[in-house]
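**Q** Sharing a structure with you now.
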Amino acid sequence: MRKKFNRSLREQLHIPKVDQFTILVAISGGKDSAVLLNSLYDSIGKIPHVRLVGGCVDEGIAGYRSPSMECARQLCIDLGIEFVTVSYPELGFEEMDKVVVTMGEIGEKKSPCSYCGVFRRQGINHLAKRIGAEVIALGHNLDDMAQTILMNVQNGEVERTLRLAPHTGRPKDGMIPRIVPLRWIPEQEIHLLALFKNLPIHHEECPHGGVALRFRHRENIARMEADIPGTRHSLLRFADGVKALHRGETAFPISDPMPCDRCGEMSSMSICKSCEMKDTLGLTSN
């Protein structure tokens, strides 16, 4: 896992020679962000001009956010890293518990996660601007990325796919670029590492999250991965390929069709798929 993390980090993050380079690490108290912060500390935390800051957004969810925030705070204390936080009311939003009640009163059909995700992103941006961060690090793992890509495909959201992090290769004016060094690492591996390292993590799920579409896609991805191992990686490679084609890069060329060497039918390969299948079945190609 360390090799995969460091390889992704090298691809996504370039640390210039400046007096100080600040990275906001978005942490929640869960396993993914805990492993992210711990791994960043091990990899680049000792570089003199690199400043790592753990940032946590308090959504206002009773019985859930307080214990998870304490886990996040404790991890920062253990690593000697600065910890900052902001609450929804500080940002001008209602706490999520109140938002959920209001949603029920007005008959809102969207899931609470739809609102919370938007508010939380603004909270992360707020913290990054407050500390003067050059980069925001997010703890999205391979399963998270695969779920998001499948959701985008289901909804026909090409633009959302193109906006997926990491952004450091092509930053946008006015936006602090995000990195996702855990994007190729499965959730299970991250959980095992968090337990092995004895990191302070909160294990409970958000009480408002059970109806979110993402939870259904989580189950779908898990079933697909069990049936066809490598599905998660393929989805992420697909999204990277779409982004590369949009940028006009040649990393994913589209082959011109050619006649099959055996049967003469047009194919993207010298031997067409039909002939390959005939070989597999022990049949003779015409």
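**Q** Do we have Arg214 as within 22 Å of Arg163 (Cβ to Cβ), surrounded by 13 or more Cβ atoms within 10 Å (Cβ to Cβ), at pLDDT below 80 and not aromatic (Phe, Trp, Tyr) here?
**A** It is true that Arg214 is within 22 Å of Arg163 (Cβ to Cβ), surrounded by 13 or more Cβ atoms within 10 Å (Cβ to Cβ), at pLDDT below 80 and not aromatic (Phe, Trp, Tyr).
**Q** Any residue at all in the stretch 116-125 that's in a loop (DSSP other than H, G, I, E, B), in contact (Cβ under 8 Å) with a residue 40 or more places away in the chain and assigned by TED's automatic domain parsing to the domain that holds Ser33?
**A** no
**Q** Counting only residues that are among the basic types (Lys, Arg) and within 17 Å of the chain's Cα centre (by Cα), which one in the stretch 217-233 is farthest from Asp58 (Cα to Cα)?
**A** Arg232
**Q** Only residues that are surrounded by 14 or more Cβ atoms within 10 Å (Cβ to Cβ) and aromatic (Phe, Trp, Tyr): list them for the stretch 187-211, please.
**A** Correct list: empty.
**Q** For the stretch 165-186, does any single residue satisfy the condition of being assigned to a helix (DSSP H, G or I), touching a residue at least 24 places away in the same chain (Cβ under 8 Å), surrounded by fewer than 13 Cβ atoms within 10 Å (Cβ to Cβ) and assigned by TED's automatic domain parsing to the domain that holds Glu219?
**A** The answer is no; no qualifying residue exists.
**Q** While we're looking at this one, here's another question. What number of residues within the stretch 221-237 satisfy the criterion of being among the hydrophobic types (A, V, I, L, M, F, W, C), surrounded by fewer than 15 Cβ atoms within 10 Å (Cβ to Cβ) and in a helix (DSSP H, G or I)?
**A** Residues that pass the stated criteria total 1.
**Q** Shifting gears a bit: Kindly indicate the residue of the stretch 256-286 that is under 43 Å from the mean Cα position of the chain (by Cα) and of a type in the set (Val, Ile, Thr) and also surrounded by the most Cβ atoms within 10 Å (Cβ to Cβ) among those meeting that condition.
**A** Checked the stretch 256-286; the qualifying residue surrounded by the most Cβ atoms within 10 Å (Cβ to Cβ) is Ile271.
**Q** What strands (runs of 3 or more DSSP E), lying completely within the stretch 10-102, carry at least 3 residues that are touching a residue at least 40 places away in the same chain (Cβ under 8 Å) and among the β-branched types (Val, Ile, Thr)?
**A** 21-26, 82-87
**Q** Might you check whether a residue that is part of a loop (DSSP other than H, G, I, E, B) and acidic (Asp, Glu) occurs anywhere in the stretch 152-161?
**A** yes
The values are calculated or read from the model by the stated rules, or taken from the named source; none is laboratory data. On a predicted model such as this, the values are computed, not experimentally measured, just so you know. Counting neighbours? That spans all protein chains shown, and the Cβs are built from the backbone with ideal geometry, glycine included.
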